[in-house]
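The values are calculated or read from the model by the stated rules, or taken from the named source; none is laboratory data. Please read these numbers as outputs of a predicted model, since none were measured by experiment. Glycine gets a Cβ as well: all are built from the backbone with ideal geometry, and neighbour counts include every protein chain shown. Surface areas here come from the heavy atoms of the whole protein model, side chains and all, with no ligands, DNA or RNA. Shrake-Rupley method; radii C 1.70, N 1.55, O 1.52, S 1.80 Å.
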Amino acid sequence: MRSLNFGYAISHPRAIDMDNNDLRKSRAIIEEMPELQACISCGSCTASCTAGNITNFNFRKLHTSVRRGEYKGAYEELNKCMLCGKCRLVCPRGINTRGLIMLIKRKLGDF
Amino acid sequence: MAHRVVIVGGGAAGIQTALELKSRGIEPIIVERDIELGGKARGWHKLFPLFTPAKDIIDPLIARLREERIRCFYGQEVTEIASDGVVLRSGERIPGDAVVVATGFTLFDAHRKQEYGYGLYDNVITSVDLERMMNSGRVVLTDGSEPRRIAFLHCVGSRDEKVDQKHCSKVCCITGVKQAIEIKQMFPDADVFNFYMDIRMYGPGYEELYRSAQQDYNIHFIRGRISEAAETINKRIQIKAEDTLTGRPLRMTVDMLVLLVGMSANYENKNLAQSAGIPLAPNGYFRTQDSFLGSVTCEREGIFFAGAATAPKSLADTLAEASLTASAVCNYIKVKYTK
Ligand SMILES: Cc1cc2nc3c(=O)[nH]c(=O)nc-3n(C[C@H](O)[C@H](O)[C@H](O)COP(=O)(O)OP(=O)(O)OC[C@H]3O[C@@H](n4cnc5c(N)ncnc54)[C@H](O)[C@@H]3O)c2cc1C
Ligand code: SF4
Ligand code: SF4
Ligand code: SF4
């Protein structure tokens with residue numbers, strides 16, 4: 001159905017809505033990798049990330065959003081990752097970030 | 001005859017200073033405004049970072065005070081201090097060879113942050129209320145049901161120019177972590193969120209406890225100050241914040257909002273300092289001579305400090321400092337009177 005053009009668009013609210021977000025996948029990810037919750041958002045993973053240095057890929061922000069139940073675009077975004085594992089070498093909380101990337105893809109993807 | 005030292009305040013700082021002075025052969029006298037000894041710590045359920053029951057620390061201290069037959073005045077407020085004694089509100093003067101100011105701190109009054117609705121909304125409480133509830137063995141919402149989603153807000157009445165409290169209260173981050181864990185232990189299926197600006201884990205074992213809260217208890221830490229709270233029709237609390245780590249506004253409804261109230265300087269410090277002719281720090285706490293070798297003394301000889309009267313401090317730091325204060329008092333008396 002073609003929508004009527006009123007000359008303006010309704011923009012979606014930008015707020016993260018923790019009441020209505022479906023947190024089941026986020027919970028499942030944390031359950032499988034509880035140490036993810038120990039992230040202190042230092043940004044080392046993003047800073048060292050090869051993909052992040054040539055694209056706007058931000059791994060810290062991505063997994064923080066996923067934990068909040070914001071999955072939209074996350075899977076596609078993760079395709080920018082080359083699984084080089086540099087992020088894992090630098091994480092001060094010892095999070096298996098590379099494994100986390102696979103985990104998020106597995107939980108969010110259709111396979 | 002033993003030298004006599006007047007200690008103003010019978011909280012942890014005052015008691016420990018008195019015990020240490022007594023063991024050094026000095027006669028301490030405690031003047032306490034309250035009708036009981038122990039100060040704020042008497043009201044806490046379990047202490048960070050090891051979940052030690054506060055009673056296990058405070059009760060033996062008070063018992064030892066009794067055993068040592070240390071004199072205490074109860075329900076007496078000191079209104080003037082000098083290096084040779086204090087004056088009570090009644091006008092009575094208690095002389096001494098030195099005076100220790102152990103008057104502690106004042107809990108920030110959460111009503112002042114109106115946007116969080118303390119006193120207006122049923123299920124907005126403070127960290128102090130939560131300690132009280134845990135002491136009573138019952139943590140419930142006002143309708144008697146169990147909370148399933150709880151938010152803690154850090155820095156309430158600290159680091160906030162709007163209420164003239166620019167300092168960090170030091171103990172509320174670790175208190176928030178401790179209480180969040182206690183809530184999860186009580187209600188394992190509950191979701192707990194801590195809204196913080198910075199996480200300040202300065203003491204031994206604190207960072208480890210924070211990590212355990214994250215990893216073992218799955219407590220969610222969201223960086224952002226709650227900007228306002230509103231009550232829903234079914235008495236839940238709707239909160240708004242920015243999730244500054246994703247750069248997006250965030251909204252959620254919780255059953256209970258716990259405000260981690262800070263440590264403010266006592267209002268009466270102004271008058272006490274004026275009577276002694278000593279300065280206060282800009283945040284209203286007593287100003288020490290310096291932060292290194294003069295951390296329990298001031299510009300006026302014969303007046304000493306112990307505990308949270310000079311800055312927010314944990315109980316552990318307070319007790320350690322009290323020993324330092326006693327030794328400084330001792331040295332002062334030795335030099336002054338043994339000539
Ligand atoms: C919510 C909260 C939780 C905390 N939990 C912990 C914890 O788990 N572990 C930990 O290590 N620390 C904890 N603390 C810190 C701890 O409470 C303080 O370190 C401790 O109370 C400081 O002791 P104090 O004797 O210096 O001061 P206070 O406890 O404030 O005692 C001062 C005493 O002086 C009296 N007084 C004041 N003015 C006068 C006057 N003019 N004349 C006569 N008497 C006077 C007061 O009545 C009071 O009894 C917590 C603090 C807060 C706010
Ligand atoms: S594994 Fe992926 S996210 Fe980690 S540094 Fe390499 S490209 Fe970046
Ligand atoms: S390096 Fe580790 S702790 Fe730092 S932001 Fe990345 S995942 Fe979090
Ligand atoms: S200790 Fe933490 S909660 Fe308390 S004032 Fe400092 S930063 Fe805020």
**Asked** chymotrypsin sites (Phe, Trp or Tyr not before Pro), restricted to the stretch B:195-298: which are DSSP loop and have at most 16 other Cβ atoms within 10 Å?
**Response** B:TYR202, B:TYR267, B:PHE292
**Asked** Roughly how big is the A-B contact, given as buried accessible area in Å² (both sides, 1.4 Å probe, nearest 100)?
**Response** 2100
**Item:** Value of [θ]222 nm, deg cm²/dmol, for the protein assembly as shown, DSSP H segments ≥ 4, -39500 (n - 2.57) each, nearest 500
**Value:** -9500 deg cm²/dmol
**Item:** Accessible solvent surface per residue of chain A, calculated while the other protein chains remain in place, 1.4 angstrom probe, Å²
**Value:** 61
**Complete:** Lys and Arg at +1, Asp and Glu at -1: neighbours of A:GLY94 with Cβ under 13 Å from its Cβ sum to +3
**Request:** State the volume of the convex hull built on the alpha-carbon positions of the protein assembly as shown, expressed per residue in Å³ and rounded to an integer.
**Result:** 192
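Considering Cα pairs under 8 angstrom that are at least six residues apart, work out the relative contact order of chain A and quote it in whole percent. Can you show the working numbers first?
Working: 88 pairs, mean separation 34.0, N = 111.
Result for chain A is 31 percent.
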**Request:** Could you compute the FRET efficiency for B:TYR74 and B:LYS166, with r as their C-beta to C-beta distance and R0 at 30 Å, rounded to 0.05?
**Result:** 0.30
**Message:** If I take all pairs of Cα atoms in chain A, what percentage of them are more than 22 Å from each other?
**Reply:** 37
**Message:** With a cut-off of 8 Å between alpha carbons and a minimum separation of six or more residues, what is the relative contact order of chain B in percent?
**Reply:** 22
**Message:** When only alpha-carbon atoms are used, what values of Rg and Dmax, in angstrom, describe the stretch B:110-262?
**Reply:** 14.4, 44
**Prompt:** Distance from the Cα centre of the stretch B:47-74 to that of the stretch A:74-111, in angstrom?
**Reply:** 52
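So what is the accessible area of chain B per residue, in Å², with the probe set to 1.4 Å? Mind showing how you got there, number by number?
Details: 15120 Å² over 339 residues.
Per-residue value: 45 Å².
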**Item:** Debye log10 I(q)/I(0) for chain B, one point scatterer per Cα, at q = 0.08, 0.09, 0.14 Å⁻¹
**Value:** -0.42, -0.52, -1.08
**Request:** For the stretch B:28-96, state what percent of all Cα-Cα pairs lands in each successive 5 Å bin, counting from 0 Å until the bin that includes the largest distance.
**Result:** 4, 15, 21, 19, 16, 13, 8, 5, 1
**Asked** Going by a 1.4 Å probe on protein heavy atoms, which residues of the stretch A:19-60 end up with at least 50 Å² less accessible surface in the whole assembly than in their chain alone?
**Response** A:ASP19, A:GLN37
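Once Rh for the stretch B:203-286 is found with the Kirkwood sum over Cα pairs, what is the Stokes-Einstein diffusion coefficient at 37 °C and 0.692 mPa s, in µm²/s? Let's see the in-between values first.
On the way: Rh = 16.8 Å.
For the chosen part, D equals 195 µm²/s.
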**Item:** Cβ-defined net charge surrounding B:GLY117, 10 Å radius [Lys, Arg +1; Asp, Glu -1]
**Value:** -3
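Over the protein assembly as shown, what percent of the accessible surface lies on carbon and sulfur atoms, probe 1.4 Å? Don't skip to the end; give the middle numbers.
Numbers: 11030 of 21930 Å².
Reported share for carbon and sulfur atoms: 50 percent.
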**Request:** Anything over 20 Å Cα to Cα? Flag those among B:LYS178/B:LYS235; B:LYS46/B:LYS162; B:LYS170/B:LYS235; B:LYS55/B:LYS178; A:LYS80/A:LYS107, in the order listed.
**Result:** B:LYS178/B:LYS235; B:LYS46/B:LYS162; B:LYS170/B:LYS235
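Semi-axes of the stretch B:197-339's equivalent ellipsoid from the Cα gyration tensor, sqrt of 5 times each eigenvalue, largest first, rounded to whole Å?
Details: eigenvalues 374, 76, 31 Å².
One finds semi-axes of 43, 19, 12 Å for the stretch B:197-339.
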